[in-house]
1. Looking at (1) surrounded by fewer than 15 Cβ atoms within 10 Å (Cβ to Cβ); (2) closer than 22 Å to residue 243 by Cβ; (3) among the small types (Gly, Ala, Ser), which is the only condition residue 92 fails?
2. If you take the residues of the range 234-261 that are in a loop (DSSP other than H, G, I, E, B) and at pLDDT below 95, which of them is surrounded by the most Cβ atoms within 10 Å (Cβ to Cβ)?
3. How about the range 126-149: which of its residues are under 26 Å from residue 192 (Cβ atoms) and within 13 Å of the chain's Cα centre (by Cα)?
4. Tell me, yes or no, whether the range 111-121 has at least one residue that is within 15 Å of the chain's Cα centre (by Cα) and among the acidic types (Asp, Glu).
5. How do the strands (runs of 3 or more DSSP E) wholly within the range 81-158 filter down when requiring 3 or more residues that are in contact with a Pro (Cβ under 7 Å, 6 or more places away or on another chain): which remain?
6. From the residues in the range 162-208 that are in contact (Cβ under 8 Å) with a residue 40 or more places away in the chain and assigned to a helix (DSSP H, G or I), which one is farthest from residue 147 (Cα to Cα)?
7. Considering only the range 165-194, state which residues are surrounded by 15 or more Cβ atoms within 10 Å (Cβ to Cβ), touching a helix residue (DSSP H, G or I) at 6+ places or on another chain (Cβ under 8 Å) and small (Gly, Ala, Ser).
8. Has the range 14-36 got any residue that is open to solvent by 10 Å² or more (accessible area, probe 1.4 Å), of a type outside the set (A, V, I, L, M) and part of a strand (DSSP E or B)?
Amino acid sequence: MAEMLCDTERFESFLWDYGISLPYPLHLGPVKEVGVHRSLARRTRTASEDEMHLMRTWGRSGGTLLMQLARAVRSEMTTTYIYAMVGGVDSAQTRVTALSITGDDSSILIAERPDGVFVASLPWATVGSTMVGLLPAATPLSMTPVAVRTDDFAEILHLHDQGASRRTVDRALGRLGMSPELFWWIQDAANQLTVNGFVGAARHDVHGRHLSELGIDFMAAEQGGLLRRIEGPRLSFESLTADAVIRALRDSAAGLGRYSR
């Protein structure tokens, strides 16, 4: 795996030099439709044509990586991503956004972090584990996985929001087959987050961006973290383990069809 960590401002300068607009949800460079926009570029040559300049300013390994990135960012491509925030705050100082642009056999990984931008070229098979390794640390919550109907869970939330007693809510949870302890942990954890965010995939083509139909987010507090999936009428919760996040990335990409493994 070829990789580098570089200063955010320097990396953004590269994007502007060649008019490269990166996919959602990265916050780097020109904000425009995904792809290479020569009208925005500050240099007259494309990244591939400017190989000698990139090798001279970024070194052989760095220049090669950036040329691979420029080739990967095109109007039609598939991406997977993780967006994580520390302490429930979304800012450049607390956010980690890791995104992979997936090809037939390999991927380009771009991660926006408080300490800079991490770029790597790696096999598709290792994308998930590499992305998980970039996330802020979170202890998995000790829990039994559970799945319920989305509409049924929404009714429980409505009861809670309307001020129903805890006993009333617990009885409704029992009928639903969900642990009251888990439900109340989720309510409490939302106010004391250490890490939270979402996982997803998207396909980009001439018609725009198409997000995976699988909705996945996660949250963690001091006691641990969990991952939540919304799959049509089904809502499930499981412990926030590395394996769970890797499966979430793969399932999101598989839901798009193209380039899924």
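1. (2)
2. Of the residues in the range 234-261, the ones in a loop (DSSP other than H, G, I, E, B) are 240-241, 257-261.
Those still in the list that are at pLDDT below 95 too: 257-261.
Values: 257: 10, 258: 12, 259: 19, 260: 16, 261: 9.
Among residues in the range 234-261 that are in a loop (DSSP other than H, G, I, E, B) and at pLDDT below 95, the one surrounded by the most Cβ atoms within 10 Å (Cβ to Cβ) is 259.
3. Filtering the range 126-149 for residues under 26 Å from residue 192 (Cβ atoms) gives 131-148.
131, 132, 133, 134, 135, 136 - these are the residues of the range 126-149 that are under 26 Å from residue 192 (Cβ atoms) and within 13 Å of the chain's Cα centre (by Cα).
4. The answer is yes, given that some residue of the range 111-121 is within 15 Å of the chain's Cα centre (by Cα) and among the acidic types (Asp, Glu).
5. Numbers: elements: 95-102, 106-113, 116-123, 146-149.
Once the strands (runs of 3 or more DSSP E) in the range 81-158 are filtered for at least 3 residues that are in contact with a Pro (Cβ under 7 Å, 6 or more places away or on another chain), what remains is 95-102.
6. For the range 162-208, the residue satisfying everything is 185.
7. The answer is 172, 179.
8. No, that holds for no residue.
The values are calculated or read from the model by the stated rules, or taken from the named source; none is laboratory data. Every value quoted in this text rests on a predicted model; they were computed, and no experiment measured them. Note: ideal-geometry Cβ built from the backbone for every residue, glycine included; neighbour counts use all protein chains shown. Remember, those area values only see protein heavy atoms, side chains included, never the ligands or the DNA or RNA. Shrake-Rupley method; radii C 1.70, N 1.55, O 1.52, S 1.80 Å.
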